[in-house]
Amino acid sequence: MTVTESLVAAVDTFCDSPVGCKACFFIISFAWFLHTLSYGSDVWAEISEGSADANIGLWNHCSKSTTSPDLDFTCCETVGNFLGYQGLRIPAWLHASRFFQSVGLLTSMASVIFSILCTFVSSTVNKKGVRITAAVLNFVAAGGILIGVSIYGGQYRYELWLKSYFPSWSFAFSVISGIFYLVTGFVYLFAHPHSVHPNSQHGQNQPPSNTARPEPTAPPMENSGGYWPPQSHPSGGIVQSQYPPHSERNNVSNNRPESDDENTCCICYDRQPEMLFLPCRHQRCCEICARSDDLSLCPICRQVIIEKIKPFR
């Protein structure tokens, strides 16, 4: 399968996937973007008082000085260095926030992968185990993110070095992403599988195994020969076709020449019948027509010919 065919198959699978799974894919992708942006940014909390502007994230601290019109610069350093200048250490609550946010980031990456399996891969789109795994990953990601922001929001204001800081957009993005993961986790739990369209080009073009195979029907009778040729079965051998309707038998008899009778071959209408067919015991074909390899069904009763005998007169 080429790359183009694979992409087309993935799009077909996405179109046939449950609506809830498709919605979860977009929501999870957006939530992962928000959380990744907030995790690496430095604007979890900020302060702006007079000439002092500063902001801090999980890892870095940035300050901007505008004390002089000719002096405008921004200095970014790690939180450890920033606290080291003040003789302080990184508090335990900040370590805890970092840990839970990291757990949320890792599980959110795995959640994106499983959301792709639930919407773009035909072999896993209807697997209940895949959806349950995706739901569990979303719950773990939401738990890590929301626990991390809860610790950060509940402790930062009690620190003297963060006394005048206020939560900023990175903090808000993390909260929003955690809520999104929590919602999509419940959607995956209650999403119902959807049958993939049988004509789509992603490996679902075979009929179900429990579908009944249609019964073979007899091919139309040839006017010239007056019989139905044998029909082959996919598994091998010859299938006995259905007996023709009474109306068709009348039409056949009406199309025969007036000279047709018991003493004329029913196939060529020329020579006398000489061959006896078993087990039906009909004797209406001449030896030349009966010896034909194409004649495997009796032209009179449509039974399979087991043996052809030329009786003595």
Within region 285-313, of all residues that are exposed (fewer than 12 other Cβ atoms within 10 Å of the Cβ) and charged (D, E, K, R), the one farthest from I267 (Cα to Cα) is R313
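Return yes or no: is R157 under 22 Å from S63 (Cα atoms) and in the same structural domain as D12 (by TED's automatic domain parsing)? Even if it seems obvious, please write down each step before you answer.
Values: under 22 Å from S63 (Cα atoms): yes; in the same structural domain as D12 (by TED's automatic domain parsing): yes.
Yes; evaluated as a whole, the condition is true for this residue.
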For region 5-45, which positions are surrounded by fewer than 20 Cβ atoms within 10 Å (Cβ to Cβ) and polar (S, T, N, Q)? S6, S29, T36, S41
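Condition first: of a type outside the set (V, I, T), outside any helix (DSSP H, G or I) and buried (at least 17 other Cβ atoms within 10 Å of the Cβ). Now tell me which residues in region 116-146 satisfy that. Even if it seems obvious, please write down each step before you answer.
Of region 116-146, the ones of a type outside the set (V, I, T) are 117-118, 120, 122-123, 126-129, 131, 134-135, 137-139, 141-144, 146.
Filter again for outside any helix (DSSP H, G or I), leaving 118, 120, 122-123, 126-127.
Scanning region 116-146 gives C118, F120, S122, N126.
Across region 184-213, which residue is modelled with the highest pLDDT among those that are of a type in the set (A, V, I, L, M, F, W, C) and touching a helix residue (DSSP H, G or I) at 6+ places or on another chain (Cβ under 7 Å)?
The initial filter retains those residues of region 184-213 that are of a type in the set (A, V, I, L, M, F, W, C), namely 186-187, 189-191, 196, 212.
If we keep only those that are touching a helix residue (DSSP H, G or I) at 6+ places or on another chain (Cβ under 7 Å) too, we end up with 187, 189, 191, 196.
Numbers: V187: 92, L189: 87, A191: 70, V196: 43.
Selected residue: V187.
Check region 46-59 and report whether any residue there is assigned to a loop (DSSP other than H, G, I, E, B), surrounded by 15 or more Cβ atoms within 10 Å (Cβ to Cβ) and among the β-branched types (V, I, T). If you could, list the steps in order and put the result at the bottom.
Taking region 46-59 first, the residues assigned to a loop (DSSP other than H, G, I, E, B) are 50-51, 57-59.
Then drop every residue that is not surrounded by 15 or more Cβ atoms within 10 Å (Cβ to Cβ), which leaves 57-59.
This time we only want the ones that are among the β-branched types (V, I, T), so: none.
There is no residue in region 46-59 that is assigned to a loop (DSSP other than H, G, I, E, B), surrounded by 15 or more Cβ atoms within 10 Å (Cβ to Cβ) and among the β-branched types (V, I, T).
Could you tell me whether region 105-128 includes any residue that is more than 25 Å from F14 (Cβ to Cβ), in contact with a helix residue (DSSP H, G or I) (Cβ under 7 Å, 6 or more places away or on another chain) and modelled with pLDDT of 90 or more? Quick ask: steps written out before the conclusion?
Quick first cut of region 105-128, residues more than 25 Å from F14 (Cβ to Cβ) only: 105-106.
Filter once more, keeping what is in contact with a helix residue (DSSP H, G or I) (Cβ under 7 Å, 6 or more places away or on another chain): 105.
In the following step, the residues that additionally are modelled with pLDDT of 90 or more were identified as 105.
Yes: region 105-128 contains one or more residues that are more than 25 Å from F14 (Cβ to Cβ), in contact with a helix residue (DSSP H, G or I) (Cβ under 7 Å, 6 or more places away or on another chain) and modelled with pLDDT of 90 or more.
The values are calculated or read from the model by the stated rules, or taken from the named source; none is laboratory data. Just so we're clear, the structure is a prediction, and the values are computed from it rather than from any experiment. Methodologically, a virtual Cβ is constructed for each residue, glycine included, from the backbone with ideal geometry; neighbour enumeration extends over all protein chains shown.
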